[in-house]
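Peer 1: Quick one: structure below, then a few questions.
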Amino acid sequence: MCLAIPARIEELTTPGNAIVNLGGVRKEISLALVDDAAVGEYVIVHVGYALQKLDREEAERTLEMFAEMGQLDELREELNT
Amino acid sequence: MKYVDEFRDGELAKNIAANIAREADPKRTYRLMEFCGGHTHAISRYGIADLLPANVRMIHGPGCPVCVLPIGRVDQAIRLAREHGVILCTYADTVRVPASDNLSLMRAKAKGADVRMIYSTQDALKVARDNPQREVVFLAIGFETTTPPTAVAIQQAAAEGLKNFSILCDHVLTPAAMHAILAVEGGVALDGFVGPAHVSTVIGSKPYEPFADDYGKPVVIAGFEPLDVMQAILMLVRQVNDGRAEVENEFTRAVTREGNLKAQQLVAEVFELRDMFEWRGLGSVPDSALKLRPKYAAFDAELKFRVDYVEVPDNKACECAAILRGQKRPQECKIFGTVCTPENPVGSCMVSSEGACAAHYSYGRFREVA
């Protein structure tokens, strides 16, 4: 039940609703719980409602952190050899 | 898919695993509880346990809404459908939870009860609008993620003057359950929590601060993708090594300290605390669940149909209770995988794919024989 994934807002429909793309499946969801969600933004969708907007910059930053950790490991290995 | 696949990179997972293996002190054990069923599912599905050193052990917590719903609550819903003739709407996972008299909502449906699986509270409202001559009850279960959508539906029903719609409210609270685990008699030896993902998008990271400050247990809030979980485990190992107990947030892309204030306000308008609520596995826990405020009493199915809660003990052979408290593992239950399977669940942990037993049955049970 908790399984929810980020989805991109593709179209704003009736007030407070939007069509999102969930891995290729288009679905209408409610935006009642988030403010000012716009087309192109990512939201966490759960039981038909956007629970929160996904911060793209923070997502990119987390991915960069993972990548950096990878590079650090390589550096460490180089230093050890 | 954007921001999903990127967090499933196998090479990066190995990197984080290498860091965990390097940093975990071989002289000690790290017992980490993932509270949330979504994490249990991710850990089993992506084989995360296999990437961890033997002294880093994940303990499944009670954070699966279906698993913590006691039999008596499902019985109430079945009574509404069978004796009061209502259209009973609920989320799909709930229909298979075993109830009394060898029934479940699904079996009640097979015997003629009008039980309908819905995806969203919006669907339940639509059923009510489309059937003005029938009473429609939504069995509202779940933690802080499903509560705001129920609140929206109640306010909508009130605004529309929808007289044939009500809810059987079984919404429960995450921090209260975490308190109950830490206060459990005999105690669960825990070194830290992987904090819930989507619950935290709603309530924020602030409500976990007492677990770090008062109980000295580190909490790292993590997203549901495998890399998120691995990174959170690494952050917990580091806190334990440093002797720190803090609330850290790995899931900054969706979780802030304050959470979703709009959702919190809606919930506060519609619901208030229940004095006492019985959980499967944790027993009766004060202030751990919600009920509708008197203002919305007309939408409360318990009052409208006078269906009282009657406590029903679990099947004696079932170890769900100990598993939900983190005291036993699925494979330590005598009926696991024999009498109790996902096709024929005896206990609730075997019902939802996020339950500890179902997750272990689907993804982990061959690990031990391999």
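The values are calculated or read from the model by the stated rules, or taken from the named source; none is laboratory data. From a predicted model like this one, the values you see are computed outputs, not experimental measurements. Here the Cβ positions follow ideal geometry from the backbone for every residue, glycine too, while neighbour counts run over all protein chains shown. Please note that ligands, DNA and RNA were not included when accessible areas were found on the heavy atoms of the full protein model with its side chains. Shrake-Rupley method; radii C 1.70, N 1.55, O 1.52, S 1.80 Å.
Peer 1: Which aspartates and glutamates, if any, have their Cα less than 12 Å from the Cα of B:K291, not counting same-chain residues under 8 positions apart?
Peer 2: Counting by Cα, and skipping residues close in sequence, B:K291 has these aspartates and glutamates nearby: B:D170, B:E269, B:E272, B:D275, B:D300, B:E302.
Peer 1: Another question, if that's okay. Please determine, in degrees from 0 to 90 and to the nearest 10, the orientation of helix B:226-242 with respect to the longest principal axis defined by the Cα atoms of chain B, where the helix direction is its Cα long axis.
Peer 2: 60
Peer 1: Okay, next question. Ratio of alpha-carbon Rg to the 2.2 N^0.38 Å globular estimate for the protein assembly as shown, to two decimals, please.
Peer 2: The value comes to 0.97.
Peer 1: Give a quick list of chymotrypsin sites (Phe, Trp or Tyr not before Pro) in the range B:127-167 that DSSP marks as loop, anything other than H, G, I, E or B, with at most 11 other Cβ atoms within 10 Å.
Peer 2: Working: sites: B:F138, B:F143, B:F165; in loops: B:F143.
The qualifying sites: there are none.
Peer 1: Let me ask something else about it. How high is the FRET efficiency from B:V339 to B:S284, r the C-beta distance, R0 25 Å, rounded to 0.05?
Peer 2: After rounding, the FRET efficiency stands at 0.35.
Peer 1: Taking the range B:254-295, which trypsin sites (Lys or Arg not before Pro) meet the DSSP loop condition and have no more than 16 other C-beta atoms within 10 Å?
Peer 2: Hits after loop and neighbour filter: B:R257.
Peer 1: Additional query: Explain nothing, just the number: dipole magnitude of the protein assembly as shown about its Cα centre with +1 on each Lys and Arg Cβ and -1 on each Asp and Glu Cβ, in debye rounded to the nearest 20. Present the calculation step by step, with values, prior to reporting the outcome.
Peer 2: Working: 49 positive and 62 negative charges, 323 e Å.
Here the protein assembly as shown has a charge dipole of around 1560 debye.
Peer 1: Just the number please: accessible area per residue for chain B, 1.4 Å probe, all protein chains included, in Å².
Peer 2: On a per-residue basis, 38 Å².
Peer 1: Compute the helix-to-body angle for B:147-160: its Cα long axis versus the longest principal axis of chain B, expressed 0 to 90° and rounded to tens.
Peer 2: Approximately 20 degrees, to the nearest ten.
Peer 1: So for the protein assembly as shown, taking the charge dipole from beta-carbon charges (+1 Lys/Arg, -1 Asp/Glu), which of B:Q76, B:L266, B:S353 sits furthest toward the positive end?
Peer 2: Of the options given, the answer is B:Q76.
Peer 1: Continuing with this model, one more query. Scan the range B:25-71 for trypsin sites (Lys or Arg not before Pro) in coil per DSSP, keeping those whose Cβ has at most 13 other Cβ atoms within 10 Å, and list them by number.
Peer 2: Passing both the DSSP loop test and the Cβ count: B:K27, B:R28.
Peer 1: Magnitude of the Cβ-charge dipole of chain B, K/R +1 and D/E -1, about the Cα centre, nearest 20 debye?
Peer 2: Dipole size: approximately 660 debye.
Peer 1: Could you check the simple spin-label distance between B:V312 and B:D214, using points 7 Å along Cα→Cβ, in nm with one decimal?
Peer 2: For the pair B:V312/B:D214, the computed spacing is 3.4 nm.
Peer 1: A further question follows. Nearest 500 deg cm²/dmol is fine: what mean residue ellipticity at 222 nm does the protein assembly as shown get from its DSSP H runs of n ≥ 4 alone, each adding -39,500 (n - 2.57), divided by its residue count? Walk me through the intermediate numbers first.
Peer 2: Values: 15 runs with 152 residues, N = 451.
Here the helix-only value at 222 nm equals -10000 deg cm²/dmol.
Peer 1: So, in Å, what gap is there between the alpha-carbon centers of the range B:241-309 and the range A:1-66?
Peer 2: Going from one Cα centre to the other spans 23 Å.
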